[in-house]
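Engineer: Structure provided below as structure tokens; questions to follow.
No value in this document is a laboratory result; all are computed from the given coordinates. Values in this document were obtained by computation on a predicted structure and should not be read as measured data. Ideal geometry is used to build each Cβ from the backbone, glycine not excepted, and the neighbour counts take in all protein chains shown.
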Amino acid sequence: MSDPSAAGIYSGLLRFYPRRFRDEYGTDMALIFAQQLRDEPTSRVWARGVVDLAITIPARHLEAHMDRPPNPTVAVVFAAISVSGLVLGIIGGSSLGILGFGLAVAVVAGGLAVAAWRHTRAVSAARPAAAPWWQVLLGGVAVLATTIIVVNVVGEVSDDLWLPMMLTLLAGVVTTATGLILGIVHLIENRPVVFRTD
Amino acid sequence: MHHRLSMVSLAKPLPSASLHIVLALLEGEAHGYALIGRVVELSDGAVRMGPGTLYGTLNRLVSERLIEETTDRVPRHDSERRRYYQLTSIGRAVAVDEVARLQGLVHRIAAHLPGGATA
């Protein structure tokens, strides 16, 4: 027997899907869920429905993100951060910590700017992305590894260098994560083609 | 709109949900709930799709031009407006190709079973 409250709760949960997908299919999905409640035990329908929501909501968001046109602003922002880091490094060159931190920010943000720019061009031209993700990933790993090695060689980090070191580590982690995300997106975007029409 | 199929042979088998929906639509057009029922029958109860999986897959198959929505082209007698879907010519070719692939798979597996048992 159909449970109106259960169908209402399910309709509410549909709000977690991307708006476009929800607007397109939300009514049909709620209708099907109500029909399943009518034809099957409520507990079974909910058990299946919860798993379905947990798997498909993130998947639809990822697809929606990938369908979004690339935003060249991202490349500009990273380029601006890169230049700022370079300027900071040059101005504060008397302090080794600030110089190192500024250069690290410049290198990382510059790499991200190039990656974002290439990704934008590749997607805009409807061509497969030129796989900048591995460069970003390698850059992040290099920053992490270099920082860790330097810290181990120095032995003890002074109070002045503590914050720059932590920020550099953070930049390395963020860059590595960005490279991994770009890599996953690249793999999904370039999955094998099933058919081709012309 | 006419699309020439330049490469029917599949580079890779369809994902499970897409495969079941495409095979279910070989019987003819259907709306979402009927499709879920057909997939349950085809899979002998092993595959029961939720609404999110169903419409996510339908959305992808429409964008890949393997299926098309027929809701607005065919007169309906339903009390509630539903979306109906059917295979495109490309989708039918892909579905037939998938069936042949699965038959070949079963045939080869059966040939390798002890005693040469057939399916």
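Engineer: Thinking of the stretch B:16-116 as a set of Cα atoms, what percent of all their pairs are more than 19 Å apart?
Structural biologist: Details: 2371 of 5050 pairs.
Cα-Cα pairs of the stretch B:16-116 separated by over 19 Å account for 47 percent.
Engineer: Here is a further query. Please give the length that would be gained between A:Ala142 and A:Ala177 if that part of the chain were fully extended, namely 0.36 nm times their separation in residues minus their C-alpha to C-alpha distance (nm, one decimal). The partial results should precede the final answer.
Structural biologist: Values: separation 35, 0.36 × 35 = 12.60 nm, distance 1.29 nm.
Full extension of this stretch gives 11.3 nm more.
Engineer: Would you mind ranking B:Asp44, B:Asp97, A:Asp23 so that the residue whose beta carbon has the fewest other beta carbons within 10 Å leads the list? Working shown, then result.
Structural biologist: Numbers: B:Asp44 7, B:Asp97 16, A:Asp23 10.
Listed from fewest to most nearby Cβ atoms, that is B:Asp44, A:Asp23, B:Asp97.
Engineer: Let me ask another. Quick one: which residues, 5 or more positions from B:Tyr85 or on another chain, have an amide H under 5 Å from its amide H? H modelled 1.01 Å from N in the peptide plane, none for Pro or chain starts.
Structural biologist: Correct list: B:Ala30, B:His31, B:Thr70.
Engineer: What FRET efficiency comes out for the pair B:Ala34/A:Arg22, r = Cβ-Cβ distance, R0 = 30 Å, nearest 0.05? Display every interim value, and only then the final one.
Structural biologist: Working: r = 22 Å, r/R0 = 0.75.
According to the calculation, E is roughly 0.85.
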